[in-house]
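Please read the structure below before turning to the comments.
The values are calculated or read from the model by the stated rules, or taken from the named source; none is laboratory data. Bear in mind the structure is a predicted one, so any value in this text is a computation, not a measurement. Cβ atoms come from the backbone with ideal geometry, glycine included; neighbour counts cover every protein chain shown.
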Amino acid sequence: MTDQPKQAEPRGPEDSPSPLGLNHYEEGKRAGAHPLVVIFSVIFGLWILIFFVFAPGNKRDRPDASLGKPEIGSSHLDDEGSAVIFRVHATVPEYKAISLIIPPEATNSQIISLLKDFHAKRMDNSLTSLLPATTPGNTLGDHAIADIYLFSDPTYAAPEVVGTLALGAHAPGGLYPSAVPFEEAMERVRGRYQINLNNSDHPDRASLGFADESGVHSKNYKPIF
């Protein structure tokens, strides 16, 4: 008897080769990457994103080098948190006077807040942390007598102009040390703080604008205290 060739047993779909030569999904075997690998990849990606956005060296947080390094005592925060920048322009020892420069865009409320801060510093004997002494070594303090002027235009903060203002409107014309007229100079004063600790009734005076002892005052004059 002739042996008949055995016919191949039919195979299921799982045993059939893929037309592309790839094995089909097999029961009990995991497809794709391990879940822990995916989780760690996501965490690492988020960490990289947070580092570049919030890192301390981020360019958005770096100060502008063009602004320069601020000096101690050269700025003051008003009640609304706005910075008021000032610098000492001149001192006039013979009049116990100091002229300061503030930005032209400084508001009246910022000037008022700055003058009130000067007063507070004078009361706790720390005004020298902001301004040079006008009466160093005086038994009443380093600012027993002081006349502090705020300007935005440095031209009018010059010592000779401050001397013109300190003399007052009714001083003899020959005493004025400057060619700048008194009437012109007083209109350029943004604020003024006067200290006279010999006057126990009213040792501190401050104002927007300018007024002298005779009552002559600038258009923007407004007493603060």
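Conditions (1) modelled with pLDDT under 65; (2) surrounded by 13 or more Cβ atoms within 10 Å (Cβ to Cβ); (3) under 19 Å from residue 153 (Cα atoms), marked per residue:
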position: 40; (1), (2), (3): no, no, no
position: 54; (1), (2), (3): yes, no, no
position: 76; (1), (2), (3): yes, yes, no
position: 104; (1), (2), (3): no, no, yes
position: 122; (1), (2), (3): no, yes, no
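Would you confirm whether any residue within segment 170-186 is over 31 Å from the mean Cα position of the chain (by Cα), part of a helix (DSSP H, G or I) and of a type in the set (Val, Ile, Thr)?
Going residue by residue through segment 170-186, those that are over 31 Å from the mean Cα position of the chain (by Cα) are 170-184.
From the residues that got through so far, the ones that are part of a helix (DSSP H, G or I) too are 173-175, 182-184.
Filter once more, keeping what is of a type in the set (Val, Ile, Thr): none.
No; the residues of segment 170-186 include none that is over 31 Å from the mean Cα position of the chain (by Cα), part of a helix (DSSP H, G or I) and of a type in the set (Val, Ile, Thr).
Please work out which one of (1) in contact with a Ser or Thr (Cβ under 9 Å, 6 or more places away or on another chain); (2) among the hydroxyl-bearing types (Ser, Thr, Tyr); (3) over 17 Å from residue 192 (Cβ atoms) is the condition residue 134 fails and give its number.
(3)
Take residue 121 and tell me if it is assigned to a loop (DSSP other than H, G, I, E, B) and either out of contact with any Pro (no Cβ under 8 Å at 6 or more places or on another chain) or in the same structural domain as residue 83 (by TED's automatic domain parsing) (or both). Full working, then the answer.
Working: assigned to a loop (DSSP other than H, G, I, E, B): no; either out of contact with any Pro (no Cβ under 8 Å at 6 or more places or on another chain) or in the same structural domain as residue 83 (by TED's automatic domain parsing) (or both): yes.
So residue 121 does not fit the description; no.
Would you say residue 156 is in the same structural domain as residue 86 (by TED's automatic domain parsing), farther than 21 Å from residue 83 by Cβ and in contact with a helix residue (DSSP H, G or I) (Cβ under 6 Å, 6 or more places away or on another chain)? Walk me through it before giving the result.
On the way: in the same structural domain as residue 86 (by TED's automatic domain parsing): yes; farther than 21 Å from residue 83 by Cβ: yes; in contact with a helix residue (DSSP H, G or I) (Cβ under 6 Å, 6 or more places away or on another chain): yes.
The answer is yes for residue 156.
Listed here are the residues, each with its yes/no results for (1) more than 20 Å from residue 96 (Cβ to Cβ); (2) assigned by TED's automatic domain parsing to the domain that holds residue 105; (3) among the β-branched types (Val, Ile, Thr).
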residue: 181; (1), (2), (3): yes, yes, no
residue: 195; (1), (2), (3): no, yes, yes
residue: 202; (1), (2), (3): no, yes, no
residue: 217; (1), (2), (3): yes, yes, no
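Output the residues belonging to segment 159-194 that are of a type in the set (S, T, N, Q) and at pLDDT below 95. Lay out the reasoning, then the answer.
Taking segment 159-194 first, the residues of a type in the set (S, T, N, Q) are 164, 178, 194.
Those that are of a type in the set (S, T, N, Q) and at pLDDT below 95: 164, 178.
Which one is farthest from residue 194 (Cα to Cα) among residues in segment 139-163 that are without any contact (Cβ under 8 Å) to a residue 24 or more places away in the chain and outside any helix (DSSP H, G or I)?
Taking the candidates together, the pick is 139.
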